[in-house]
Structures are given as structure tokens and as C-alpha cells.
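See below for the structure under consideration.
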Amino acid sequence: MTATIDTAMLMAAGLGKRMRPLTATRPKPLVKVAGKALMDHALDRIEAAGIRKVVVNVHYLASTVEAHLKTRKGPMDLIVSDERDRLLETGGGLVKALPLLGTAPFLCANSDNLWIDGPRDSIGLLADHWDDRRMDALLLVVPHARANCHSGPGDFHMDALGRLSRRKPGHVAPFVFTGVQILSPRLITDPPDAVFSTNVFWNRAIAAGRLFGVAHQGLWFDVGTPQAIPMVEAIIAHG
């Protein structure tokens with residue numbers, strides 16, 4: 001099975017603490033890398049994939065993000081999910097935005113990771129691998145060895161069928177989550193609180209054997225700190 005993905009959510013509400021001092025006066029999604037705001041790198045990939053409806057959640061310096069979205073030209077309908085009153089984290093943000101996202105599987109992408117497509121565009125790769133009968137979430141993961149500017153021990157193991165399991169404490173896992181995934185709305189239910197992480201939903205999917213992954217074929221960068229930016233730009237500039 002494959003999915004036709006026509007809706008996306010871009011996570012853009014975080015405080016960007018690790019990106020200070022750059023985020024003292026601007027939200028992290030508007031920090032520029034290779035001459036372009038981080039969120040525009042993501043939105044350009046989403047637009048190129050043919051997705052026309054994008055929900056963007058906002059909290060920190062929300063008006064600045066909204067003003068930037070209004071400057072974008074093109075066919076996408078950009079809808080704001082307003083978290084000004086309270087930052088809800090990723091899971092809570094999904095719950096709040098769900099009425100705007102519809103009832104079909106949708107793309108969800110973080111605005112602080114930058115990816116470059118390989119031989120197959122990454123969003124299309126996810127859509128091609130989606131199987132609604134078996135999956136509640138399908139994560140784009142990258143081999144740990146190719147996770148540029150990422151210093152963590154990895155996130156997941158992946159079996160021959162693409163099913164994901166968690167890294168065990170004290171061990172290294174071979175795959176890192178890229179911040180890009182397809183989610184089924186049926187997973188976004190029974191929130192434990194107003195503020196919580198998407199990890200809650202992933203753990204439920206793992207327990208049910210319904211969390212899957214597909215390996216990214218191109219370049220991926222963890223743009224988490226100011227120090228990462230020149231390294232990312234150098235790799236992009238030299239191919």
C-alpha cells in the first residue's frame with residue numbers, strides 16, 4: 001500500500017534553548033542556514049512533494065513566525081495552530097492541531113532539522129512505504145553514521161520488516177530519527193496530559209507492533225546549536 005499525503009504539520013513552537021544566543025531575538029525556525037530560514041528548508045521540501053495544506057504550530061515569538069509565513073508565495077495553504085498561551089510540547093501540539101489536520105494520515109516534520117533528498121525524495125519515500133493496515137506511525141530514520149552534527153547515541157533499532165524498537169539504556173542504536181514522519185490520526189488519542197511528548201504515542205505504537213521506519217537515502221543534519229550551522233553550510237557547499 002501507499003498513501004496520498006495532502007496535509008502536513010510543521011513543528012515550529014519550541015523555545016530553541018540550545019540555539020541561544022541566536023534565538024534571543026528570533027524563533028529557531030527563522031534561524032538562517034545556507035541563506036534560508038530553517039522552516040523554509042522544510043516547507044520547500046513539503047511543497048515540492050505536492051502537499052498543499054500545512055498546519056504550523058507557534059508559541060515563542062509567534063507573531064514573528066506568522067509574519068514570516070505571510071511572506072511565502074506559492075500554492076500551499078498555511079494554517080496556524082496557536083499555542084501562545086501554553087507551550088504544549090510535540091504530543092500536546094499534535095492533539096491541539098488534530099482538528100485542523102483531518103482524518104487521513106499526514107506528514108509531520110520538525111522545523112529544526114535539515115534534509116537533502118537522495119535518489120528518491122524523502123516524503124515520497126515515506127508515502128510509498130506507508131501501509132495503513134500495519135502502521136500507526138512511519139518514521140524517516142537515518143543511519144547513525146550518516147547523522148551529520150548529531151552527537152546522541154541513536155534512537156531506534158529496525159528489523160528486516162522495518163519495525164522499530166527503542167535503544168536500550170547504555171547502548172548505541174543504529175538509527176536516528178530525522179524529525180520527519182507520517183502519522184495516523186488514530187494514534188493521536190487519549191492524551192495523558194495537556195503537555196507531553198510524541199514519545200507517548202510512539203510507545204503505544206511500539207507496544208502494538210505498529211511503529212515502523214524507513215531509511216533516509218540522502219543527507220541529514222541536526223541543526224541544534226549555533227556551532228552546527230557553519231559545519232552544515234560547509235557540507236552543503238561542497239556536496
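The values are calculated or read from the model by the stated rules, or taken from the named source; none is laboratory data. In this text the structure is predicted, and so the values were computed from the model without any measurement. Virtual Cβ from ideal backbone geometry, glycine too; neighbours counted across all protein chains shown. Surface accessibility is based on the protein's heavy atoms, side chains included, excluding ligands, DNA and RNA. Shrake-Rupley method; radii C 1.70, N 1.55, O 1.52, S 1.80 Å.
For the stretch 23-60, a residue qualifies if it is open to solvent by 60 Å² or more (accessible area, probe 1.4 Å), of a type outside the set (G, A, S) and more than 18 Å from the chain's Cα centre (by Cα), and the qualifying residues are T25, R26. Against the test of being in contact with a Gly (Cβ under 9 Å, 6 or more places away or on another chain) and within 20 Å of A48 (Cα to Cα), the options P119, P191 yield a single qualifying residue, P119. Restricted to the stretch 61-82, and to residues there that are assigned to a strand (DSSP E or B) and touching a helix residue (DSSP H, G or I) at 6+ places or on another chain (Cβ under 9 Å), the residue that is most open to solvent (accessible area, probe 1.4 Å) is D82.
Candidates are the residues of the stretch 83-101 that are touching a residue at least 24 places away in the same chain (Cβ under 8 Å) and over 18 Å from the mean Cα position of the chain (by Cα); the one that is most open to solvent (accessible area, probe 1.4 Å) is R86. Only one entry in A109, A104 is open to solvent by less than 10 Å² (accessible area, probe 1.4 Å) and either assigned to a loop (DSSP other than H, G, I, E, B) or under 26 Å from H59 (Cα atoms) (or both), namely A109. Within the stretch 166-196, the only residue that satisfies the criterion of being part of a helix (DSSP H, G or I) and in contact with an Asp or Glu (Cβ under 6 Å, 6 or more places away or on another chain) is L187. Looking only at residues of the stretch 177-222 that are β-branched (V, I, T) and in contact with a helix residue (DSSP H, G or I) (Cβ under 6 Å, 6 or more places away or on another chain), we find that the one that is surrounded by the fewest Cβ atoms within 10 Å (Cβ to Cβ) is V195.
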